[in-house]
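The values are calculated or read from the model by the stated rules, or taken from the named source; none is laboratory data. Keep in mind that this is a model prediction, so the values were computed, not measured. As a convention, Cβ positions derive from the backbone with ideal geometry for all residues, glycine included, and neighbour counts pool all protein chains shown. Accessible surface is based on the protein model in full, side chains and every heavy atom, while ligands, DNA and RNA are left aside. Shrake-Rupley method; radii C 1.70, N 1.55, O 1.52, S 1.80 Å.
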Amino acid sequence: VGASAIVEAGALDSLRKILSKGENIRAMASVAMTVANLAVHGNDMKQAVVDAGIMPPLLDMLRTGGMNEFAQNCAVMALANMARGDESYRQVLEDAGALQLLNELVTTSSWENVRNNARRAIRFSTGEEELVDDHVDYAAIVDKMLNDSDVDRMDGAAMCKQVLSSGQRDALV
């Protein structure tokens, strides 16, 4: 299913509701990854995400102490992809308070992946970094996660592997 088909089907409202309820961390992580994927498809998709009201509950994922590492990392990756490219979406993040939250994660998160991706999101938001590092071996990282005993990490790794196989590597930040 293409990104525009998701928007045209009206699925963004359902995705916003999943995030807003805050009841199922795995579902919320999936929504955040979907937003990350949509954001790499250009400004029309970014605007659809903003118009659907997805940004506030996505930011709540960064504020909520009950999130696991994978879910919080998915939210950070979605914000990073929203910040890439067009300066107007960087401003949307700034106005929403995302940069402040990302800065807090850089210094307070106990999870290295979250801290590193928060740093990257900040660099994207300032225009300092526009491309994913070519040397990052996402497939190796995902394969390692698939062997993890943590169910959430395994679920997340399976989702990432699906993104990799679809050729949407940029969505993984």
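When LEU62, LEU58, LEU172, LEU164 are checked against the criterion of being modelled with pLDDT under 85, within 12 Å of the chain's Cα centre (by Cα) and not small (Gly, Ala, Ser), LEU172 stands alone in meeting it.
In segment 1-16, what residues are assigned to a helix (DSSP H, G or I) and either loosely packed, with under 14 Cβ neighbours inside 10 Å or touching a residue at least 24 places away in the same chain (Cβ under 8 Å) (or both)?
Pass one, segment 1-16, residues assigned to a helix (DSSP H, G or I): 3-8, 11-16.
If the condition is that a residue be assigned to a helix (DSSP H, G or I) and either loosely packed, with under 14 Cβ neighbours inside 10 Å or touching a residue at least 24 places away in the same chain (Cβ under 8 Å) (or both), then ALA3, SER4, ALA5, ILE6, VAL7, GLU8, LEU12, ASP13, SER14, LEU15, ARG16 are the ones that fit.
Could you check, for segment 29-42, whether at least one of its residues is open to solvent by 10 Å² or more (accessible area, probe 1.4 Å), touching a residue at least 24 places away in the same chain (Cβ under 8 Å) and closer than 20 Å to LEU105 by Cα? Scanning segment 29-42, I find no residue that is open to solvent by 10 Å² or more (accessible area, probe 1.4 Å), touching a residue at least 24 places away in the same chain (Cβ under 8 Å) and closer than 20 Å to LEU105 by Cα, so the answer is no.
Could you tell me whether any residue of segment 125-138 is hydroxyl-bearing (Ser, Thr, Tyr), modelled with pLDDT under 80 and in contact with a Gly (Cβ under 9 Å, 6 or more places away or on another chain)? No, there is no match, as no residue in segment 125-138 is hydroxyl-bearing (Ser, Thr, Tyr), modelled with pLDDT under 80 and in contact with a Gly (Cβ under 9 Å, 6 or more places away or on another chain). Scanning segment 108-128 for residues that are among the polar types (S, T, N, Q) and part of a helix (DSSP H, G or I), we see that the one that is farthest from MET77 (Cα to Cα) is THR108. Report yes if some residue within segment 1-15 is under 24 Å from ARG119 (Cβ atoms) and either touching a Gly at 6+ places or on another chain (Cβ under 7 Å) or not hydroxyl-bearing (Ser, Thr, Tyr) (or both); otherwise report no. No, segment 1-15 contains no residue that is under 24 Å from ARG119 (Cβ atoms) and either touching a Gly at 6+ places or on another chain (Cβ under 7 Å) or not hydroxyl-bearing (Ser, Thr, Tyr) (or both). When restricted to residues that are open to solvent by 10 Å² or more (accessible area, probe 1.4 Å), in contact (Cβ under 8 Å) with a residue 40 or more places away in the chain and part of a loop (DSSP other than H, G, I, E, B), segment 43-93 contains 8.
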